[in-house]
Each structure stands twice: as C-alpha cells, then as structure tokens.
1. How many residues does the range A:99-124 contain that are on the phi < 0 side of the Ramachandran plot and not in a helix (DSSP H, G or I)?
2. Let me spell it out: the conditions are (1) touching a Lys or Arg at 6+ places or on another chain (Cβ under 9 Å); (2) facing chain B (nearest Cβ under 9 Å), and A:ALA11 meets all of them except one. Which number is the exception?
3. Give A:SER78, A:SER18 a once-over and let me know the one that is closer than 30 Å to B:ILE238 by Cβ, touching a helix residue (DSSP H, G or I) at 6+ places or on another chain (Cβ under 7 Å) and hydroxyl-bearing (Ser, Thr, Tyr).
4. Please work out if A:GLY49 is at pLDDT below 85 and surrounded by fewer than 19 Cβ atoms within 10 Å (Cβ to Cβ).
5. Quick check on B:ALA135: is it closer than 29 Å to B:MET184 by Cα and in the same structural domain as B:THR185 (by TED's automatic domain parsing)?
6. Take the range A:91-124 and flag every residue that is of a type in the set (Asp, Glu) and either in the same structural domain as A:THR60 (by TED's automatic domain parsing) or more than 13 Å from A:GLY49 (Cβ to Cβ) (or both).
7. Which condition does A:ARG27 not pass, out of (1) within 14 Å of another protein chain (Cβ to nearest Cβ); (2) free of Cβ contacts under 8 Å to residues at least 60 places away in the same chain; (3) more than 28 Å from B:VAL234 (Cβ to Cβ), if it passes all the others?
8. Kindly state which strands (runs of 3 or more DSSP E) lie completely within the range A:42-98 and contain at least 2 residues that are more than 10 Å from chain B (Cβ to nearest Cβ).
Amino acid sequence: MAAELHVELVAADRKVWSGEATLVVARTTSGDIGVMPGHQPLLGVLESGPVTIRTSDGATVIAAVHGGFISFADDKLSLLAEIAELSEEIDVQRAERALERAKSKADASAERRAEVRLRAVNAH
Amino acid sequence: MGAQLRVYKRRIRSVTATKKITKAMEMIAASRVVKAMRKVSASSPYAEELTRAVTAVGTGSNTKHSLTTESDNPTRAAVLLLTSDRGLAGAFNSNSIKAAEQLTERLEREGKQVDTYIVGRRGVAHYNFRERKIAESWSGFTDEPTYADAKQVAAPLIEAIEKPTADGGVDELHIVYTEFVSMMTQTAIDSRLLPLRLEEVGEKSEQKKDEILPLYDFEPSAEDVLDALLPRYVESRIYNALLQSAASKHAATRRAMKSATDNAGELINTLSRLANAARQAEITQEISEIVGGASALADATAGSDK
C-alpha cells in the first residue's frame, strides 16, 4: 500500500496547493475526518474550517477552507472550496479587522470566515 | 492653400486620430484576451474536480434528486444570456442574442414558458428596446468576472429551479454564452445546465471516459452531498461561461479594432493620394496663371513700345 496520498487543494479560481501527504484532517458536516492513504473512497461536504495536511516530508500545511467538498479515491484526494487560503497567505491584521467589522454588523457569515482564517493561522 | 486641399488635409488629420484610438483599443483588448484566457485555465481544475464529483454521485448512487431528474411535463424554462457591457466588438453581442432568441423560440414551440435572465448591458438594452420581459439582469462585471459575480448570478437561478413550477419556479435551466474556441473563432452556443444530463457531464471529462468510478462512501449522505454539490456545480459552470464570454468579447474587440485600424490606414492612403493630386493641380494652375500673366504683360509692354 502506498504510504502517501496525492492532495489537490483547489479554489474556484486557482489551484491553491498540491503535493504528497500522509494525513489530511478536514471538517465535514458530520464531524472531523482524517484521511490516510488507503482510505475508502469518500465524498463529503466540508464545513468552514481549517484543513490540516501533513506532507510526506513531515511539514504541516494548514489552510482555511470556506465550504466545499472533499473527495478521495485511489489515494488521490481533492479538496474543493469556493475560497481557500493557505495559512501563510492570510493577512492576520486584515482578518482581525474583518472580524471586528463583522461582529459590529452582526454579519454571521463574514464573522465565521474571519474566525476560520484566524484559527488557521493560530493552529501553527 | 486651396479649399479642396484644405478639406483633404482636415479629413486625413481626423482619420489619423481615429486610427490611433482604434490601434490603442486593439492593443488593450489583445492584452486582456491573454489575461482572460489565463483566468479560464486557472478555473479549470476546480471545474474538472467538481464535474468528477457530480458524475461520481450521479452514477454511484441511486438517489433521485429534483435537479437531476427530468420533469415529465416541463412547462417553464429559464434562459441565462451572457452578453457584454460595452459594444465595439463586432457581431459578438448580436450573435449571442440571436442564439438566445433561437433557443427561446425552440422552447416556446415545445410549449414551455421562458424566463429570460441577462448579464451585460448590451443584452439588457436589446430586450428593453423591444419591450420584452427580463426576469433579472446584472451588469458591470462582464470584462473581468469574479467567482462572487457568478454566485450572485447563480443564486436566483438556483432558487427558481428549486421552487415548484406552480409557484413560479422553473423546470429547466439553459445558458447561452460565447464559447472561446481560439483567438480567431468564438461561437455563441446554448447548453442545458439543469436537469443534469449525466452522459454529457461524463463526456466533458474527456479522456477519463473509460475510467471506472469507485464506489464512494458519502458523508453525510448521498442526498446531502448532491444537495450541496449541484448549486456549486451550477455556479462553477456559470463562472466558466462568464470567463469564456469575457475572453471571447476581448478577442472580438481586438478583431473589430484591427479591421478598423486597417480601414483607417487605407482611407489615409486614398486621401493622401487625392490631396497630392489636388496640390499638384493647384501648382499647375498657379504656374499657368503666372505664365499667362507674364506673357500678357510682355504683350502689353511690347505693344506700348511701338
């Protein structure tokens, strides 16, 4: 059995990340799910939340994913999201400002987006 | 300077100025085509993966979903027409409007009532001028559409298709846009987005036709996945259509502006020849006037000497 799986993290308008990984943890609507090589074919709906990818060279890639899908088959895993950002791409100050703004406006979806971004950065 | 010559000179100046403008527009459009094409290809991984997922759910489960099953007796259809905000693009807008009108006619012949949704000021103006009803319209982003724009367009369409037909919902969703085939060829096409034709979806994923799709484990359930997947699929198809439309529009503009520049160049050539001829005629006339005047003078002095 292959000890690694190929991951493609794609957003609607670009490919965010792709590479080999040993473990991917994502949050589906029915709870967190960890996918390792050899997992059963899977197609799930993602919640907004951080996705953790443990790459084959031991590094950890964390991305903030806002809604989307996870699909896994033949040791190929794709994460589809309308918006996806790697944690190092996230502008913390901007996200914090957005969080403040969303809170004052009581905009639940914007607040959640900003929170997910900050969580993805803090998970490092 | 003679009157005729002055008129020619003025026209040459004005055509030269126009030529400069069209040349600039051609160059701007050329650079935008490249940018738009890059966006089309950047969006394709998402569209491909999504299509794969939709095919997987469609074939891998026996779930019946309102968005994948055809209604026995479809009575209403929505047509989404993509045009541009600005003209100066040759037949780009009239082609897609014509395609939409043909589709509308065909659907009406099949006994379906058609709701028209339009993107782009040109299409809106065309329909308003003929006092046809528009269900909803959007404009302002046709040059560089973003995914958020596609979502905005898709939202009322998805809502309409999910509503029962009796309450003003629709049974079918068609889209008319200009496909970007190459720099030289763009064709207006129509396609049915919903209800989904799985065979067609399968064909779109090209070389993977023979691939056997694995039996997926759906999380949380096949229905829920399909519920979440189909709106995204519609959005992504609309996004792709918007991007292709934008690329086509820029390519059409580039071509229209190139022929305008060429025509202006030709016109300048013709006008300069006419101006040269007019100048030459003027010079000839002046010479003959001088010669005539001199000889008349010579004749007069010769006469007075005697």
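The values are calculated or read from the model by the stated rules, or taken from the named source; none is laboratory data. Here the structure is a predicted model, which is why all the values come from computation and not from measurement. Note that each Cβ is placed from the backbone with ideal geometry, even for glycine, and that neighbours are counted across all protein chains shown.
1. If we filter the range A:99-124 for residues that are on the phi < 0 side of the Ramachandran plot, which is where we start, we get A:99-105, A:107-124.
Checking which are not in a helix (DSSP H, G or I) leaves us with A:107, A:123-124.
Count: 3.
2. Just one mismatch for A:ALA11, condition (1).
3. None of the others qualify; the one that does is A:SER78.
4. Judged against the criteria, A:GLY49 is not a match.
5. For B:ALA135, the condition - closer than 29 Å to B:MET184 by Cα and in the same structural domain as B:THR185 (by TED's automatic domain parsing) - is not met.
6. Once the filter is applied, which keeps residues that are of a type in the set (Asp, Glu) and either in the same structural domain as A:THR60 (by TED's automatic domain parsing) or more than 13 Å from A:GLY49 (Cβ to Cβ) (or both), the range A:91-124 yields A:ASP91, A:GLU96, A:GLU100, A:ASP107, A:GLU111.
7. A:ARG27 satisfies every listed condition except (3).
8. Because the criterion is at least 2 residues that are more than 10 Å from chain B (Cβ to nearest Cβ), the strands (runs of 3 or more DSSP E) in the range A:42-98 that meet it are A:49-55, A:60-73, A:76-86.
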